[in-house]
Amino acid sequence: MATTTQPTVPQNTFVDTYQEVTDAVIKALEEGTIIWQCPWNQVGLPKNITTNVNYRGWNLFLLNFHSMIKGYAIPYYITYKQASQLKGSIKKGEKGIRIIYWAQIDLNKQSDEATLQPADESAKPRIIMVPKTYTVFNIAQTEGIEFPCFEAELRTETEIIEACENIIIDMPNKPVIRKNGTSAYYQPTTDTVVVPSLKRCKSNEGYYSTLFHELAHSTGHESRLNRKELLASDGFGTATYAKEELTAEMTAAFLSAITGIGQATIDNSAAYIESWLKALKNDKTLIIKAAAQAHRATDYIMQVTYETA
(Lines give C-alpha, C1' and ligand atoms only; values in the text may rest on other atoms or scores of the structure.)
Protein backbone atom coordinates (compact mmCIF):
# COMPACT_ATOMS: atom_id res chain seq x y z
CA MET A 1 0.00 0.00 0.00
CA ALA A 2 1.47 3.29 -1.08
CA THR A 3 1.88 6.01 1.49
CA THR A 4 1.85 9.72 0.93
CA THR A 5 4.10 12.14 2.70
CA GLN A 6 2.31 15.12 4.17
CA PRO A 7 3.90 18.49 3.40
CA THR A 8 5.58 19.99 6.39
CA VAL A 9 5.85 23.64 7.25
CA PRO A 10 9.51 24.60 7.64
CA GLN A 11 10.53 25.90 11.03
CA ASN A 12 10.39 29.69 11.05
CA THR A 13 13.12 31.88 12.47
CA PHE A 14 10.60 33.79 14.60
CA VAL A 15 11.12 31.24 17.38
CA ASP A 16 14.61 32.67 17.86
CA THR A 17 13.17 36.17 18.11
CA TYR A 18 10.88 35.16 20.93
CA GLN A 19 13.71 33.35 22.70
CA GLU A 20 16.16 36.23 22.31
CA VAL A 21 13.77 38.74 23.87
CA THR A 22 12.73 36.33 26.62
CA ASP A 23 16.33 35.51 27.56
CA ALA A 24 17.13 39.23 27.90
CA VAL A 25 14.09 39.83 30.13
CA ILE A 26 14.82 36.78 32.29
CA LYS A 27 18.42 37.94 32.79
CA ALA A 28 17.23 41.41 33.84
CA LEU A 29 14.60 40.01 36.22
CA GLU A 30 17.13 37.67 37.82
CA GLU A 31 19.26 40.75 38.49
CA GLY A 32 16.26 42.51 40.05
CA THR A 33 15.55 44.86 37.13
CA ILE A 34 12.01 45.21 35.80
CA ILE A 35 12.59 46.63 32.33
CA TRP A 36 9.05 47.95 31.84
CA GLN A 37 9.20 49.96 35.09
CA CYS A 38 12.22 52.05 34.14
CA PRO A 39 11.84 55.85 34.13
CA TRP A 40 10.64 57.38 30.88
CA ASN A 41 12.73 59.95 29.08
CA GLN A 42 11.59 63.55 29.49
CA VAL A 43 11.85 64.30 25.78
CA GLY A 44 9.14 61.76 25.00
CA LEU A 45 8.63 58.14 24.04
CA PRO A 46 11.15 56.22 21.90
CA LYS A 47 10.55 56.83 18.20
CA ASN A 48 12.09 56.50 14.79
CA ILE A 49 13.71 59.85 14.06
CA THR A 50 13.13 59.75 10.30
CA THR A 51 9.45 58.73 10.35
CA ASN A 52 8.66 60.60 13.60
CA VAL A 53 6.52 57.62 14.67
CA ASN A 54 6.63 56.19 18.19
CA TYR A 55 7.58 52.55 18.53
CA ARG A 56 4.94 50.18 19.87
CA GLY A 57 4.65 47.20 22.16
CA TRP A 58 7.86 45.61 23.37
CA ASN A 59 10.03 47.85 21.17
CA LEU A 60 8.99 50.88 23.20
CA PHE A 61 10.01 49.32 26.53
CA LEU A 62 13.22 47.86 25.15
CA LEU A 63 14.45 51.08 23.53
CA ASN A 64 13.64 53.16 26.59
CA PHE A 65 15.60 50.70 28.71
CA HIS A 66 18.44 50.69 26.17
CA SER A 67 18.64 54.50 26.24
CA MET A 68 18.77 54.50 30.02
CA ILE A 69 21.48 51.87 30.51
CA LYS A 70 23.63 53.33 27.73
CA GLY A 71 23.23 56.89 28.99
CA TYR A 72 21.68 58.24 25.79
CA ALA A 73 19.91 61.53 26.47
CA ILE A 74 17.44 61.13 23.59
CA PRO A 75 15.47 57.86 23.00
CA TYR A 76 15.28 58.35 19.24
CA TYR A 77 16.56 55.71 16.84
CA ILE A 78 17.47 55.17 13.21
CA THR A 79 18.41 52.27 10.93
CA TYR A 80 21.74 51.97 9.11
CA LYS A 81 19.96 52.57 5.79
CA GLN A 82 18.13 55.64 7.10
CA ALA A 83 21.40 57.11 8.37
CA SER A 84 22.95 56.62 4.93
CA GLN A 85 19.96 58.27 3.26
CA LEU A 86 20.56 61.31 5.49
CA LYS A 87 24.17 61.43 4.21
CA GLY A 88 25.47 60.26 7.57
CA SER A 89 26.80 57.04 9.05
CA ILE A 90 27.00 54.93 12.19
CA LYS A 91 30.13 55.59 14.25
CA LYS A 92 32.81 52.96 13.88
CA GLY A 93 32.57 50.21 16.48
CA GLU A 94 29.02 51.06 17.54
CA LYS A 95 26.61 48.18 18.01
CA GLY A 96 22.91 48.50 17.34
CA ILE A 97 20.01 46.88 19.14
CA ARG A 98 17.61 44.46 17.53
CA ILE A 99 13.91 45.25 17.67
CA ILE A 100 10.85 43.48 16.35
CA TYR A 101 8.63 43.94 13.34
CA TRP A 102 5.73 41.73 12.34
CA ALA A 103 6.05 39.95 9.00
CA GLN A 104 3.23 38.31 7.06
CA ILE A 105 3.82 34.63 6.26
CA ASP A 106 1.74 32.57 3.80
CA LEU A 107 1.86 29.01 5.19
CA ASN A 108 0.47 27.51 1.98
CA LYS A 109 3.29 29.03 -0.06
CA GLN A 110 5.90 27.88 2.46
CA SER A 111 4.56 24.30 2.31
CA ASP A 112 4.63 24.25 -1.50
CA GLU A 113 8.20 25.53 -1.60
CA ALA A 114 9.36 22.99 0.99
CA THR A 115 7.97 20.02 -0.96
CA LEU A 116 8.67 21.38 -4.46
CA GLN A 117 4.99 20.91 -5.27
CA PRO A 118 3.01 23.28 -7.50
CA ALA A 119 0.74 25.62 -5.60
CA ASP A 120 -2.83 24.45 -5.07
CA GLU A 121 -4.84 27.39 -6.30
CA SER A 122 -7.98 26.05 -4.62
CA ALA A 123 -6.39 26.01 -1.16
CA LYS A 124 -7.46 28.78 1.18
CA PRO A 125 -4.59 31.08 2.12
CA ARG A 126 -3.28 30.59 5.63
CA ILE A 127 -1.72 33.89 6.61
CA ILE A 128 -0.06 34.41 9.97
CA MET A 129 1.94 37.30 11.44
CA VAL A 130 5.30 36.39 12.94
CA PRO A 131 7.93 38.53 14.65
CA LYS A 132 11.22 39.16 12.87
CA THR A 133 14.04 41.47 13.91
CA TYR A 134 15.98 44.37 12.50
CA THR A 135 18.68 46.57 13.97
CA VAL A 136 18.41 50.21 14.99
CA PHE A 137 20.91 52.68 16.44
CA ASN A 138 20.42 55.54 18.84
CA ILE A 139 21.00 58.92 17.20
CA ALA A 140 23.97 59.40 19.57
CA GLN A 141 25.64 56.54 17.70
CA THR A 142 25.59 58.40 14.40
CA GLU A 143 27.87 60.98 12.82
CA GLY A 144 27.52 63.38 9.94
CA ILE A 145 23.83 64.04 10.63
CA GLU A 146 22.53 67.28 12.12
CA PHE A 147 19.49 66.59 14.28
CA PRO A 148 17.24 69.32 15.72
CA CYS A 149 17.44 70.33 19.38
CA PHE A 150 15.00 68.37 21.55
CA GLU A 151 13.46 70.08 24.56
CA ALA A 152 12.45 68.26 27.75
CA GLU A 153 8.70 67.96 28.28
CA LEU A 154 8.44 69.36 31.80
CA ARG A 155 5.04 69.55 33.53
CA THR A 156 3.94 71.03 36.82
CA GLU A 157 2.30 68.85 39.47
CA THR A 158 -1.05 70.44 38.64
CA GLU A 159 -0.66 69.67 34.93
CA ILE A 160 0.28 66.06 35.69
CA ILE A 161 -2.74 65.51 37.94
CA GLU A 162 -5.02 67.13 35.35
CA ALA A 163 -3.60 64.91 32.60
CA CYS A 164 -4.18 61.79 34.73
CA GLU A 165 -7.72 62.83 35.63
CA ASN A 166 -8.56 63.56 32.00
CA ILE A 167 -7.54 60.02 30.97
CA ILE A 168 -9.79 58.56 33.65
CA ILE A 169 -12.72 60.85 32.82
CA ASP A 170 -12.46 60.29 29.06
CA MET A 171 -12.08 56.49 29.13
CA PRO A 172 -14.96 55.04 27.09
CA ASN A 173 -17.35 52.51 28.63
CA LYS A 174 -15.70 52.94 32.03
CA PRO A 175 -16.09 50.43 34.84
CA VAL A 176 -17.47 51.57 38.18
CA ILE A 177 -14.59 53.28 40.05
CA ARG A 178 -14.61 53.31 43.85
CA LYS A 179 -11.94 55.43 45.53
CA ASN A 180 -12.55 54.40 49.14
CA GLY A 181 -10.99 50.94 49.33
CA THR A 182 -8.40 49.57 51.73
CA SER A 183 -6.57 47.91 48.82
CA ALA A 184 -6.51 48.09 45.03
CA TYR A 185 -8.17 45.53 42.77
CA TYR A 186 -10.50 44.99 39.82
CA GLN A 187 -13.59 42.80 40.22
CA PRO A 188 -14.72 41.44 36.82
CA THR A 189 -18.04 40.05 38.04
CA THR A 190 -19.27 43.51 39.04
CA ASP A 191 -17.00 45.39 36.60
CA THR A 192 -15.66 47.52 39.46
CA VAL A 193 -12.26 49.10 40.07
CA VAL A 194 -11.43 49.75 43.72
CA VAL A 195 -8.48 51.86 44.92
CA PRO A 196 -7.64 53.59 48.21
CA SER A 197 -8.36 57.30 48.35
CA LEU A 198 -5.65 59.71 47.23
CA LYS A 199 -5.14 60.82 50.84
CA ARG A 200 -4.17 57.29 51.85
CA CYS A 201 -1.51 56.94 49.13
CA LYS A 202 2.13 57.85 49.64
CA SER A 203 2.20 60.02 46.51
CA ASN A 204 0.09 61.27 43.63
CA GLU A 205 2.20 59.18 41.27
CA GLY A 206 1.57 56.04 43.29
CA TYR A 207 -2.17 56.70 43.34
CA TYR A 208 -2.54 57.28 39.61
CA SER A 209 -0.23 54.48 38.48
CA THR A 210 -2.18 52.10 40.73
CA LEU A 211 -5.47 53.32 39.27
CA PHE A 212 -4.06 52.95 35.74
CA HIS A 213 -3.05 49.37 36.59
CA GLU A 214 -6.58 48.46 37.69
CA LEU A 215 -8.18 50.25 34.73
CA ALA A 216 -5.87 48.18 32.51
CA HIS A 217 -7.35 45.02 34.01
CA SER A 218 -10.84 46.35 33.30
CA THR A 219 -10.10 46.61 29.56
CA GLY A 220 -10.10 42.81 29.50
CA HIS A 221 -13.81 42.69 30.44
CA GLU A 222 -16.06 40.99 27.88
CA SER A 223 -17.75 44.34 27.12
CA ARG A 224 -14.39 45.84 26.10
CA LEU A 225 -11.44 43.80 24.74
CA ASN A 226 -12.69 40.43 26.01
CA ARG A 227 -9.18 39.36 27.07
CA LYS A 228 -9.04 35.66 27.94
CA GLU A 229 -6.19 36.08 30.45
CA LEU A 230 -8.47 38.21 32.64
CA LEU A 231 -11.62 36.16 32.17
CA ALA A 232 -9.91 32.76 32.59
CA SER A 233 -7.34 33.70 35.22
CA ASP A 234 -6.81 30.81 37.62
CA GLY A 235 -4.90 32.40 40.46
CA PHE A 236 -1.53 33.86 41.43
CA GLY A 237 1.47 31.92 40.17
CA THR A 238 -0.20 30.56 37.04
CA ALA A 239 0.73 31.45 33.46
CA THR A 240 -2.54 33.22 32.66
CA TYR A 241 -2.33 35.28 35.85
CA ALA A 242 1.27 36.24 35.13
CA LYS A 243 0.41 37.35 31.59
CA GLU A 244 -2.55 39.42 32.77
CA GLU A 245 -0.42 41.13 35.44
CA LEU A 246 2.27 41.85 32.85
CA THR A 247 -0.36 43.38 30.57
CA ALA A 248 -1.70 45.58 33.38
CA GLU A 249 1.78 46.65 34.49
CA MET A 250 2.83 47.58 30.98
CA THR A 251 -0.42 49.45 30.32
CA ALA A 252 0.14 51.43 33.51
CA ALA A 253 3.67 52.18 32.29
CA PHE A 254 2.34 53.49 28.95
CA LEU A 255 -0.23 55.71 30.66
CA SER A 256 2.32 56.92 33.21
CA ALA A 257 4.64 57.91 30.37
CA ILE A 258 1.85 59.72 28.51
CA THR A 259 0.88 61.74 31.59
CA GLY A 260 4.43 62.36 32.79
CA ILE A 261 4.33 60.52 36.10
CA GLY A 262 6.80 57.98 37.41
CA GLN A 263 5.33 54.51 37.64
CA ALA A 264 5.12 53.07 41.14
CA THR A 265 6.61 49.62 41.68
CA ILE A 266 3.97 46.93 42.03
CA ASP A 267 3.37 45.66 45.57
CA ASN A 268 5.14 42.40 46.47
CA SER A 269 7.49 42.87 43.51
CA ALA A 270 9.74 39.99 44.62
CA ALA A 271 6.81 37.59 44.49
CA TYR A 272 5.73 38.93 41.12
CA ILE A 273 9.28 38.66 39.74
CA GLU A 274 9.37 35.00 40.78
CA SER A 275 5.98 34.44 39.14
CA TRP A 276 7.04 36.20 35.93
CA LEU A 277 10.31 34.24 35.76
CA LYS A 278 8.44 30.96 36.07
CA ALA A 279 5.96 31.94 33.36
CA LEU A 280 8.65 33.31 31.00
CA LYS A 281 10.73 30.15 31.26
CA ASN A 282 7.67 28.13 30.25
CA ASP A 283 6.48 30.40 27.42
CA LYS A 284 8.94 32.25 25.21
CA THR A 285 6.11 34.22 23.54
CA LEU A 286 4.75 35.65 26.79
CA ILE A 287 6.58 38.98 27.06
CA ILE A 288 6.04 40.06 23.45
CA LYS A 289 2.36 39.13 23.47
CA ALA A 290 1.76 40.82 26.83
CA ALA A 291 3.35 44.02 25.53
CA ALA A 292 1.12 43.93 22.45
CA GLN A 293 -1.95 43.44 24.64
CA ALA A 294 -0.85 46.36 26.80
CA HIS A 295 -0.68 48.64 23.81
CA ARG A 296 -4.17 47.56 22.75
CA ALA A 297 -5.42 48.28 26.27
CA THR A 298 -3.79 51.72 26.16
CA ASP A 299 -5.35 52.41 22.78
CA TYR A 300 -8.75 51.51 24.20
CA ILE A 301 -8.42 53.75 27.24
CA MET A 302 -7.01 56.67 25.23
CA GLN A 303 -9.38 56.20 22.25
CA VAL A 304 -6.36 56.64 20.01
CA THR A 305 -5.18 54.66 17.00
CA TYR A 306 -1.39 54.78 16.71
CA GLU A 307 0.71 54.39 13.64
CA THR A 308 3.26 51.63 13.98
CA ALA A 309 7.05 51.66 13.84
Condition test on residue 124, is it at pLDDT 95 or above and in the same structural domain as residue 74 (by TED's automatic domain parsing)? no
The strands (runs of 3 or more DSSP E) lying entirely within the range 148-249 that contain at least 2 residues which are not aliphatic (A, V, I, L, M) are 185-187
Matching residues in the range 211-227 (more than 18 Å from the chain's Cα centre (by Cα) and touching a residue at least 12 places away in the same chain (Cβ under 8 Å)) number 4
For residue 237, state whether it is outside the structural domain of residue 38 (by TED's automatic domain parsing), modelled with pLDDT under 90 and at positive phi. yes
Among residues of the range 87-97 being buried (at least 16 other Cβ atoms within 10 Å of the Cβ) and of a type outside the set (Gly, Ala, Ser), the residue modelled with the lowest pLDDT is 97
message = When you scan the range 255-268, do you find a residue that is assigned by TED's automatic domain parsing to the domain that holds residue 174, at pLDDT 85 or above and touching a Gly at 6+ places or on another chain (Cβ under 6 Å), even just one?
response = no
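So that you can scan it fast, the table gives a plain yes or no per residue for (1) in contact (Cβ under 8 Å) with a residue 12 or more places away in the chain; (2) within 28 Å of residue 277 (Cα to Cα):
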| residue | (1), (2) |
| --- | --- |
| 35 | yes, yes |
| 43 | yes, no |
| 52 | no, no |
| 67 | yes, yes |
| 71 | no, yes |
| 75 | yes, yes |
The residue from 173, 138, 166 that alone is at pLDDT 95 or above and within 22 Å of the chain's Cα centre (by Cα) is 138
Checked the range 28-66 for anything of a type outside the set (S, T, N, Q), farther than 20 Å from residue 209 by Cβ and outside any helix (DSSP H, G or I); matches are 31, 43, 47, 49, 53, 55, 56
* To do: Please tell me if residue 69 is of a type in the set (Val, Ile, Thr), surrounded by fewer than 21 Cβ atoms within 10 Å (Cβ to Cβ) and not in a loop (DSSP other than H, G, I, E, B).
  => yes
> Looking at the range 104-113, is at least one residue within 23 Å of the chain's Cα centre (by Cα), modelled with pLDDT under 95 and in the same structural domain as residue 80 (by TED's automatic domain parsing)?
Replying inline: yes
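The values are calculated or read from the model by the stated rules, or taken from the named source; none is laboratory data. Because the structure is a prediction, the values reported are computed rather than measured. With ideal geometry, Cβ positions are generated from the backbone for all residues, glycine too; neighbour counts draw on all protein chains shown.
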